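Asker: One structure coming up, written as structure tokens, with questions to follow.
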Amino acid sequence: MPKLLLCTLLALAACTPIPRPHSTIRGDDSGFLGALSFSHQLSESTVEESTYGIRLELEGMGGNITQNIPSDRTVQLDDVVLTGPGELDLDFNYRSATLGFYMGKTMGPWKLEGLVGLAHSNLHARGRLGGLTDSADLESTALHLSGDASYRFGSSTEVYYRLGGMPLVERGEATIFQTQLGGRWKINQTLTISAGMQSWNYLRKRRGGSSGPSGMDLTLSGPFLRLGFLF
């Protein structure tokens, strides 16, 4: 009897499929970033050496990547396991909203500005592999930090470099970094236009365990355009 039981257990173990390890979804693409910025200045004058206020920033962009998934690997966006071999085709759209407090310091033609606040991001991803599709809306809410340094030419034109994102998150949430290099043109007392090149990186580590969405490492580079409104 014990031998029969042992043989039965071995047979069941042999028939049980071994879970395939997940691949991190990774890739890069070029795309366009559009942004709106609404600032309410709390300091009394824009010509002061120090300015501060409240700002709302809205951003949106999208891209597409392809990734070869080997036969011994799987990927997962929501609840569908996409199994290799094959080529994963992933479309994604990214949206974010940041509300924070900004402060700027002017030193001659140079200006330094920082912003700290709370950001909410949404990455809508849709993947296709081997005739199956899966999609997910991956959301994160975390502390946002950013800063930029600018150099002014004349009274209405400046160049600037910005570094920012959501760097302090828990496992399973998205770590987001963004850099921008561009120009800023003051049209009037209310409207400012910024344009240039930017690079955006979205990194999400997979939660512990054998189920759940795959990790992601996405990069999107290209031009950006921002309309800034000051009230």
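Asker: Exactly one condition in (1) small (Gly, Ala, Ser); (2) surrounded by 20 or more Cβ atoms within 10 Å (Cβ to Cβ); (3) farther than 25 Å from Leu112 by Cβ is not met by Gly215; state its number.
Answerer: Among (1) small (Gly, Ala, Ser); (2) surrounded by 20 or more Cβ atoms within 10 Å (Cβ to Cβ); (3) farther than 25 Å from Leu112 by Cβ, Gly215 violates only (2).
Asker: How many of the residues in segment 38-94 are of a type outside the set (S, T, N, Q), more than 26 Å from Gly130 (Cβ to Cβ) and part of a loop (DSSP other than H, G, I, E, B)?
Answerer: Within segment 38-94, residues that are of a type outside the set (S, T, N, Q), more than 26 Å from Gly130 (Cβ to Cβ) and part of a loop (DSSP other than H, G, I, E, B) number 5.
Asker: Are any residues in segment 132-183 in contact (Cβ under 8 Å) with a residue 40 or more places away in the chain, open to solvent by 40 Å² or more (accessible area, probe 1.4 Å) and within 30 Å of Gly108 (Cβ to Cβ), and if so, which ones?
Answerer: Tyr151, Arg152, Phe153
Asker: Yes or no: segment 59-68 includes at least one residue that is under 20 Å from Phe224 (Cβ atoms) and in contact with a Ser or Thr (Cβ under 6 Å, 6 or more places away or on another chain).
Answerer: Taking every residue of segment 59-68 in turn, at least one turns out to be under 20 Å from Phe224 (Cβ atoms) and in contact with a Ser or Thr (Cβ under 6 Å, 6 or more places away or on another chain).
Here is a yes/no grid of residues against (1) under 24 Å from Phe224 (Cβ atoms); (2) among the charged types (D, E, K, R); (3) open to solvent by 80 Å² or more (accessible area, probe 1.4 Å):
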{"position": "Asp29", "(1), (2), (3)": "yes, yes, no"}
{"position": "Arg73", "(1), (2), (3)": "no, yes, yes"}
{"position": "Gln76", "(1), (2), (3)": "no, no, no"}
{"position": "Asp79", "(1), (2), (3)": "no, yes, yes"}
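Asker: May I pose another question? If you take the residues in segment 90-110 that are more than 30 Å from Phe153 (Cα to Cα) and among the polar types (S, T, N, Q), which one is least open to solvent (accessible area, probe 1.4 Å)?
Answerer: Among residues in segment 90-110 that are more than 30 Å from Phe153 (Cα to Cα) and among the polar types (S, T, N, Q), the one least open to solvent (accessible area, probe 1.4 Å) is Ser96.
The values are calculated or read from the model by the stated rules, or taken from the named source; none is laboratory data. As the structure is a computational prediction, the values presented were derived from the model and not from experiment. When we count neighbours, we look across all protein chains shown, and the Cβ atoms used for this are built from the backbone with ideal geometry, even at glycine. Note: accessible area is taken over every heavy atom of the protein model, side chains too, but ligands, DNA and RNA are not part of it. Shrake-Rupley method; radii C 1.70, N 1.55, O 1.52, S 1.80 Å.
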